[in-house]
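So the structure is just underneath, and the comments pick up after that.
The values are calculated or read from the model by the stated rules, or taken from the named source; none is laboratory data. Here the structure is a predicted model, which is why all the values come from computation and not from measurement. Methodologically, a virtual Cβ is constructed for each residue, glycine included, from the backbone with ideal geometry; neighbour enumeration extends over all protein chains shown.
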Amino acid sequence: MDKKRAIVLGAGFGGSAAAARLSRLLPADKWEVVLVDRNNYLLFYPLLPEVAAGTLEPRHVVVPARSFLPKGRFVYAEVTGLDLERSRVHLSTEDEPAWSMRYDHLVLALGSVTRLPPVPGLREHGFELKTIADAASLRDHGISLLERASMAKDPELRRELLRVVVVGANFTGVELAGEYQDFLRDACRSYPELDPDDVDVVVVEARSRILPALPEKLADYARAHLERRGLRFATGRTVARVDRRGAELSDGTWLPSRTVAWCAGIAPNPLLAGCQDLPKNEQGYVETRPDLRVKGFDNVWAIGDSAFVPQPDGHGYPATAQVATRQGEHAARNIALAVRGAPLRPFAFRSRGALAALGCRTAVAEVFGLRIAGFPAWFLYRTVYLLKVPTLGRKLSIVTDWTVDLFAKQMPVQLGLHRRASETNGASRRDEARL
Ligand SMILES: Cc1cc2nc3c(=O)[nH]c(=O)nc-3n(C[C@H](O)[C@H](O)[C@H](O)COP(=O)(O)OP(=O)(O)OC[C@H]3O[C@@H](n4cnc5c(N)ncnc54)[C@H](O)[C@@H]3O)c2cc1C
């Protein structure tokens, strides 16, 4: 007899939690659990700024998707479409460009993409921080800037090369700005020609304050600490234009720079946004009922960044790893209840806290209502993330990276894997000749 099948699309925080829990809850003799992703790993996003800053090795922040599914099946494929009427998922792989799989229950956990508004020049010249390649590329780029700055004879050009513009002052932007400044200043020690004080990191934020998810007092502490370290904030402003020489702000300020990193907001996964049969809210996120079933369907569930799950007050849940993981586990439990014909439970979530690393061994944290800042918060940040990273192997790799970072200075050496054409030696010399 054919087994029934539960398919989970996306092996990120929500999908891997759902698949792992489903493979424990559904009887293996009657159900096959399938996890699908275009990558064969879960990327631990919260540690990505540390990869961009070179504190962590890229391989150490990814966990094999197969490790979540001792009893299920992992399918390494691109999801290309959904046929919700016939209960089929369309997939594509290098060797088989168009095939499909039937499901009895489907969990949508395809995450989000970086929201890139139509700012002229942003797509061509801006950096993102969403993939391992983005993080490795930012680090390689930083080292290329140090090399170029060390050869620049004009002090103005040197400062331009060492100026970094980070757009967005939520967790990702603030963490990237703090860690990247720390990395560039530390790496300057390997270049006698460079003065660490020439490193200039500017954070641009449309709101009047930074870290809106944290209490104002804690966010103010983070800002004051970063400003003491020389970071600058341009709040109440946005970026109006980007080109290869810098960024223009909405008030006309021109920031000459070779690095504009866009960390301002997310948008729904384009595949789900384009699927006409799914109910979506105004921003394009898939609308669910409180029990995580997609509105109008009894066997399709949506979780994580791509879903709009209503809270009792009507607002959606924040797009965080914590929420996605808990929704993944909850969806799996509800599917098991649905299979048994038992009543479903609404999703409920109380945040355990929020943490943001600021570089230079400081962080800010709010945990179980307790507010901490400085070194104790940084220690807590590392302990919490170490506990959260799946598998013993990855925990050991991360502890090793962090220990080396405590005692050794940054080694500004490129991987050379993700350099843009304009950063190859020849091209950058041509660029500078033109300046
Ligand atoms: C740089 C950065 C730092 C962050 N820091 C924090 C933090 O400190 N704390 C926190 O709580 N949250 C943080 N977040 C947010 C958090 O990572 C997300 O909220 C979380 O990953 C959402 O989980 P998800 O399962 O919905 O999506 P994801 O974890 O993004 O997983 C989606 C999966 O779907 C796959 N996929 C997408 N489209 C397709 C397709 N067409 N075919 C096949 N596979 C596909 C992707 O490869 C991915 O594996 C951060 C995010 C970023 C980018």
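Hey, among ASP140, ASP104, which residue is more than 16 Å from the ligand (Cβ to nearest atom) and in the same structural domain as PRO412 (by TED's automatic domain parsing)?
Result of the check over ASP140, ASP104: ASP140.
Going through the stretch 210-241 one residue at a time, which ones are in a loop (DSSP other than H, G, I, E, B), within 23 Å of the chain's Cα centre (by Cα) and modelled with pLDDT of 90 or more?
Scanning the stretch 210-241 gives ILE210, LEU211, LEU231, THR238.
Scan the stretch 217-241 residue by residue and report those that are β-branched (Val, Ile, Thr) and either within 16 Å of the ligand (Cβ to nearest atom) or in contact with a helix residue (DSSP H, G or I) (Cβ under 8 Å, 6 or more places away or on another chain) (or both).
Answer for the stretch 217-241, where residues must be β-branched (Val, Ile, Thr) and either within 16 Å of the ligand (Cβ to nearest atom) or in contact with a helix residue (DSSP H, G or I) (Cβ under 8 Å, 6 or more places away or on another chain) (or both): just VAL239.
Scan the stretch 11-34 for residues that are within 10 Å of the ligand (Cβ to nearest atom), within 20 Å of LYS395 (Cβ to Cβ) and assigned to a helix (DSSP H, G or I) and jot them down.
PHE13, SER16, ALA17
Does LEU48 fit the bill of being surrounded by 24 or more Cβ atoms within 10 Å (Cβ to Cβ) and either closer than 30 Å to LEU129 by Cβ or under 27 Å from the mean Cα position of the chain (by Cα) (or both)?
For LEU48, the condition - surrounded by 24 or more Cβ atoms within 10 Å (Cβ to Cβ) and either closer than 30 Å to LEU129 by Cβ or under 27 Å from the mean Cα position of the chain (by Cα) (or both) - is met.
Residue check, ASP37 against (1) among the acidic types (Asp, Glu); (2) near the ligand (Cβ under 8 Å from one of its atoms); (3) in contact (Cβ under 8 Å) with a residue 60 or more places away in the chain, all met but one. Which one?
So ASP37 meets the others, but not (3).
Out of all the residues in the stretch 295-305, is one or more assigned to a helix (DSSP H, G or I), within 12 Å of the ligand (Cβ to nearest atom) and in contact (Cβ under 8 Å) with a residue 60 or more places away in the chain?
Within the stretch 295-305, one or more residues are assigned to a helix (DSSP H, G or I), within 12 Å of the ligand (Cβ to nearest atom) and in contact (Cβ under 8 Å) with a residue 60 or more places away in the chain.
Listed residues THR383, THR362, THR325; which is in the same structural domain as GLY54 (by TED's automatic domain parsing) and either modelled with pLDDT under 90 or within 30 Å of THR55 (Cα to Cα) (or both)?
Just a single option satisfies the conditions, and that option is THR325.
Yes/no matrix, rows are residues, columns are (1) assigned by TED's automatic domain parsing to the domain that holds TYR285; (2) within 16 Å of the ligand (Cβ to nearest atom):
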{"residue": "LEU110", "(1), (2)": "yes, yes"}
{"residue": "GLU128", "(1), (2)": "no, yes"}
{"residue": "LEU145", "(1), (2)": "no, no"}
{"residue": "ARG148", "(1), (2)": "no, no"}
{"residue": "VAL164", "(1), (2)": "no, yes"}
{"residue": "ASN170", "(1), (2)": "no, yes"}
{"residue": "ASP186", "(1), (2)": "no, no"}
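Exactly one condition in (1) under 30 Å from VAL364 (Cβ atoms); (2) over 22 Å from the mean Cα position of the chain (by Cα); (3) modelled with pLDDT of 80 or more is false for ASP401; which is it?
Of everything listed in (1) under 30 Å from VAL364 (Cβ atoms); (2) over 22 Å from the mean Cα position of the chain (by Cα); (3) modelled with pLDDT of 80 or more, ASP401 misses just condition (2).
Kindly state which helices (runs of 4 or more DSSP H) lie completely within the stretch 321-416 and contain at least 3 residues that are within 30 Å of ASP298 (Cβ to Cβ).
In the stretch 321-416, the matching helices (runs of 4 or more DSSP H) lie at 321-340.
Condition test on LEU396, is it within 16 Å of the ligand (Cβ to nearest atom) and farther than 30 Å from ALA273 by Cα? Outline the logic, then answer.
Details: within 16 Å of the ligand (Cβ to nearest atom): no; farther than 30 Å from ALA273 by Cα: yes.
No, not satisfied.
Quick check: anything in the stretch 112-119 farther than 27 Å from THR288 by Cβ and either in contact (Cβ under 8 Å) with a residue 60 or more places away in the chain or out of contact with any helix residue (DSSP H, G or I) (no Cβ under 7 Å at 6 or more places or on another chain) (or both)? Let's see the steps before the verdict.
Initial filter on the stretch 112-119 (farther than 27 Å from THR288 by Cβ): 118-119.
Pick out the ones that are also either in contact (Cβ under 8 Å) with a residue 60 or more places away in the chain or out of contact with any helix residue (DSSP H, G or I) (no Cβ under 7 Å at 6 or more places or on another chain) (or both) and you get 118-119.
Checked the stretch 112-119: at least one residue is farther than 27 Å from THR288 by Cβ and either in contact (Cβ under 8 Å) with a residue 60 or more places away in the chain or out of contact with any helix residue (DSSP H, G or I) (no Cβ under 7 Å at 6 or more places or on another chain) (or both).
Mind checking whether some residue in the stretch 67-74 is within 27 Å of GLY168 (Cβ to Cβ) and modelled with pLDDT of 95 or more?
No, there is no match, as no residue in the stretch 67-74 is within 27 Å of GLY168 (Cβ to Cβ) and modelled with pLDDT of 95 or more.
Identify the single condition in (1) at pLDDT below 95; (2) under 30 Å from HIS330 (Cα atoms); (3) surrounded by fewer than 18 Cβ atoms within 10 Å (Cβ to Cβ) that GLU94 does not satisfy, given that it satisfies every other one.
(2)
So, in the stretch 278-296, of the ones that are surrounded by fewer than 16 Cβ atoms within 10 Å (Cβ to Cβ) and in contact with an Asp or Glu (Cβ under 7 Å, 6 or more places away or on another chain), which residue ends up farthest from VAL119 (Cα to Cα)?
Top of the filtered list is LYS295.
Of the conditions (1) surrounded by fewer than 24 Cβ atoms within 10 Å (Cβ to Cβ); (2) closer than 18 Å to VAL51 by Cα, VAL166 satisfies every one except a single condition; which number is it?
Against the list (1) surrounded by fewer than 24 Cβ atoms within 10 Å (Cβ to Cβ); (2) closer than 18 Å to VAL51 by Cα, VAL166 comes up short only on (1).
When the residues of the stretch 242-294 are filtered to those that are part of a loop (DSSP other than H, G, I, E, B) and of a type in the set (A, V, I, L, M, F, W, C), which remaining residue is farthest from the ligand (Cβ to nearest atom)?
Restricting attention to the stretch 242-294, the residues satisfying the condition of being part of a loop (DSSP other than H, G, I, E, B) are 244-245, 250-253, 257-258, 263-265, 269, 274-279, 281-285, 289-292.
Right, trim to of a type in the set (A, V, I, L, M, F, W, C) and you get 263-264, 275, 278, 292.
Working: CYS263: 7, ALA264: 12, CYS275: 11, LEU278: 14, LEU292: 12 Å.
Among them, the one singled out is LEU278.
Inspect the stretch 51-60 for any residue being under 21 Å from ALA319 (Cα atoms), within 13 Å of the ligand (Cβ to nearest atom) and outside the structural domain of LEU138 (by TED's automatic domain parsing) and give the result as yes or no.
no
Looking only at the stretch 131-160, count how many residues are more than 27 Å from ALA356 (Cα to Cα) and among the hydrophobic types (A, V, I, L, M, F, W, C).
Of the residues in the stretch 131-160, 4 are more than 27 Å from ALA356 (Cα to Cα) and among the hydrophobic types (A, V, I, L, M, F, W, C).
For every residue, the table says whether it meets (1) at pLDDT 95 or above; (2) closer than 30 Å to ARG382 by Cα.
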| position | (1), (2) |
| --- | --- |
| GLN283 | no, no |
| TRP301 | yes, no |
| THR320 | no, yes |
| GLY341 | yes, no |
| PRO346 | yes, no |
| ALA354 | no, yes |
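With the requirement that a residue be in a loop (DSSP other than H, G, I, E, B) and farther than 30 Å from ARG394 by Cα, what does the stretch 63-93 give you? Can you show your working first?
Applying the first criterion (in a loop (DSSP other than H, G, I, E, B)) to the stretch 63-93 yields 69-72, 77, 84-87, 93.
Hits for the stretch 63-93 are LEU84, GLU85, ARG86, SER87.
Name the one entry in PHE171, PHE183 that is aromatic (Phe, Trp, Tyr) and under 23 Å from LEU415 (Cβ atoms).
PHE183
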